[in-house]
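The values are calculated or read from the model by the stated rules, or taken from the named source; none is laboratory data. Values in this document were obtained by computation on a predicted structure and should not be read as measured data. Neighbour counts run over all protein chains shown; Cβ positions are idealised from the backbone, glycine included.
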Amino acid sequence: MPAVVLDTNVVVALLSPTDTLHPGARTAVEAWEANGASFELSAVSWAELMTGALRRGSDAVAALRAFLDQERDAALRIIASGAGLVQPRMVELIAGLITEEAEAGTYEPPVDPSTLGYAIVRLAEAFLFNDAVAGIRGDVDRLREVEAALLGVPA
């Protein structure tokens, strides 16, 4: 089974039906999918998508949410699989930032950095992608508040 690493531009085009690249991106992804491809996203692309969405606010998170709604299985395999490339790399990056702050003496994590990094990533996934039942999906303001509480820092 071939593995296809999607570029940020392809994902952005898939997210927005009005994007000039949308038809081509969709056709390419569908063709690869028909050939049994699995899709991955680099940690850099994932970080660009997440950071961009969070910085742009609710509308951008809604666009990322639309991608997940329209292409749910493929999107979650790309984004939120512990067996994929994105989630483990995001955990590693966040744990690294926490470790740097702890070593610099500017932050004392309440638990080990790897566990805290994992919790932050999974919490973001829940708020952004999964938990419509709890009424929190897409609520980036509440996500920031909960992550601040988890980290023990002001929101």
Point to revise | Answer residue from segment 95-117, given it is of a type in the set (D, E, K, R) and over 16 Å from Leu150 (Cβ atoms) and is modelled with the highest pLDDT among those | key: Glu103
Review point. Given the residues Ser45, Ser58, which is the only one that is buried (at least 17 other Cβ atoms within 10 Å of the Cβ) and at pLDDT below 85?
Key: Ser45
Exercise for review: Please tell me if Thr18 is modelled with pLDDT of 70 or more and either part of a helix (DSSP H, G or I) or more than 22 Å from Ala148 (Cβ to Cβ) (or both).
Suggested key: yes
**Study point:** Selected residue [hydrophobic (A, V, I, L, M, F, W, C), touching a strand residue (DSSP E or B) at 6+ places or on another chain (Cβ under 6 Å) and either surrounded by 13 or more Cβ atoms within 10 Å (Cβ to Cβ) or modelled with pLDDT of 85 or more (or both)] from Val91, Val121, Val86
**Key:** Val86
